[in-house]
Amino acid sequence: MPTTKDVGTKSASNDKIGGIPTIHYLNFLSRGRGQVVRLLFEDAGIAYVDVRYDSDEHYNQSKQSIIKKMNPTATMPVVELNGRVLTQSYPMLRHFARQLNAYDGATDDERYWADLVCDIASDWRTLFVQAFFSKEKDEYVRHCEGYRKDVLQALERHLSGNEFSRDGAFLLGERVTYADFVLYQILHDEGLTKDGRKGLEEYPRLRKLVDAMEERENVKKFLQSDRYLG
Ligand SMILES: N[C@@H](CCC(=O)N[C@@H](CS)C(=O)NCC(=O)O)C(=O)O
């Protein structure tokens, strides 16, 4: 059976999104595509119900029963909210951003910029997961030396040069977007936010974003809470 936990207290942000969401996700500590949705809930002060499935349980049982009933692709995260089911992590974030009237650009150009960075982070996550879970010896080491270096350099160059992000900490300078969360989460899951940001020594612009994310009031509280599982 999955574990279920109530998190937080109902707030005005819950009213804006239409209630208290239930998020179904694998028990990947505080990592993965589902975690970034949780992190946005935490930041926005959204109370939520956290349902976690162990991988064995998911693949042997719940994938074909509970999850596939809600989501045709049978993947997670899946969010139930007010009798509706939401699927696909990053479109979900954009949906909540619009409902909260926050976490996104104010113009087409700003939104394009946030979506662009989200897309790079999404491609990166796909390759990270493949390498991390590969049965082939050294595949993850090859990933870190190859693709990961390239994508870090590309992101550093993008953020340092872009008119919206070059002067502030977030993608839109002082204003945080859903894509900052997506980028933060892959940097976290790759182990680049810990150990004094050792893995980000060559990427000062990305380090600035990570520092600013972890200084956000509710993110900071979350990282210091027992809900943060590493
Ligand atoms: N594009 C989907 C990808 C979802 C996805 O691949 N989720 C993984 C976990 S991060 C999953 O459900 N894996 C288990 C499975 O495929 O059964 C999204 O962003 O929601």
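For the range 13-63, how many residues meet the condition of being at positive phi and either among the aliphatic types (A, V, I, L, M) or touching a helix residue (DSSP H, G or I) at 6+ places or on another chain (Cβ under 6 Å) (or both)?
Residues of the range 13-63 at positive phi: 18-19, 29, 32, 45.
Of the ones still in play, those that are also either among the aliphatic types (A, V, I, L, M) or touching a helix residue (DSSP H, G or I) at 6+ places or on another chain (Cβ under 6 Å) (or both) are 29, 45.
Total meeting the criteria: 2.
For residues that are closer than 18 Å to Q35 by Cβ and charged (D, E, K, R), tally how many sit in the range 124-138.
Number of matching residues: 1.
Return a yes/no flag: does the range 214-230 have any residue that is surrounded by fewer than 20 Cβ atoms within 10 Å (Cβ to Cβ), touching a residue at least 12 places away in the same chain (Cβ under 8 Å) and farther than 17 Å from V37 by Cα.
Looking through the range 214-230, none of the residues is surrounded by fewer than 20 Cβ atoms within 10 Å (Cβ to Cβ), touching a residue at least 12 places away in the same chain (Cβ under 8 Å) and farther than 17 Å from V37 by Cα.
Determine, yes or no, whether L127 is open to solvent by 60 Å² or more (accessible area, probe 1.4 Å), more than 13 Å from the chain's Cα centre (by Cα) and within 15 Å of the ligand (Cβ to nearest atom).
yes
Across the range 181-202, what is the total count of residues that are more than 21 Å from L39 (Cα to Cα) and open to solvent by less than 70 Å² (accessible area, probe 1.4 Å)?
Summing the residues that are more than 21 Å from L39 (Cα to Cα) and open to solvent by less than 70 Å² (accessible area, probe 1.4 Å) in the range 181-202 gives 2.
State which residue is nearest to the ligand (Cβ to nearest atom) when the search covers only the range 61-101 and only residues that are buried (at least 17 other Cβ atoms within 10 Å of the Cβ) and farther than 13 Å from Y25 by Cα.
The extreme case among them is Y90.
Where the second residue is among the polar types (S, T, N, Q) and open to solvent by 20 Å² or more (accessible area, probe 1.4 Å) and the first is touching a residue at least 12 places away in the same chain (Cβ under 8 Å) and lies in the range 20-42, which pairs have Cβ atoms under 8 Å and are six or more apart or on separate chains?
L26/S55; N27/T3; N27/S55; E42/N218
Which of the residues belonging to the range 160-180 are crowded, with 19+ Cβ neighbours inside 10 Å and not in a loop (DSSP other than H, G, I, E, B)?
F170, L172, Y178, A179, D180
Among all residue pairs at least 6 apart or on different chains, which show Cβ distances below 9 Å where the first residue, located in the range 126-144, is touching a residue at least 60 places away in the same chain (Cβ under 8 Å) and the second is within 14 Å of the ligand (Cβ to nearest atom)?
Filtered contacts from the range 126-144: F128/I186; F128/D189.
The values are calculated or read from the model by the stated rules, or taken from the named source; none is laboratory data. This is a predicted model, so every value here is computed, not measured. Using ideal geometry, Cβ is built from the backbone for each residue, glycine included, and neighbour counts are taken over all protein chains shown. Just the protein is used for accessible areas: all its heavy atoms, side chains included, with ligands, DNA and RNA removed. Shrake-Rupley method; radii C 1.70, N 1.55, O 1.52, S 1.80 Å.
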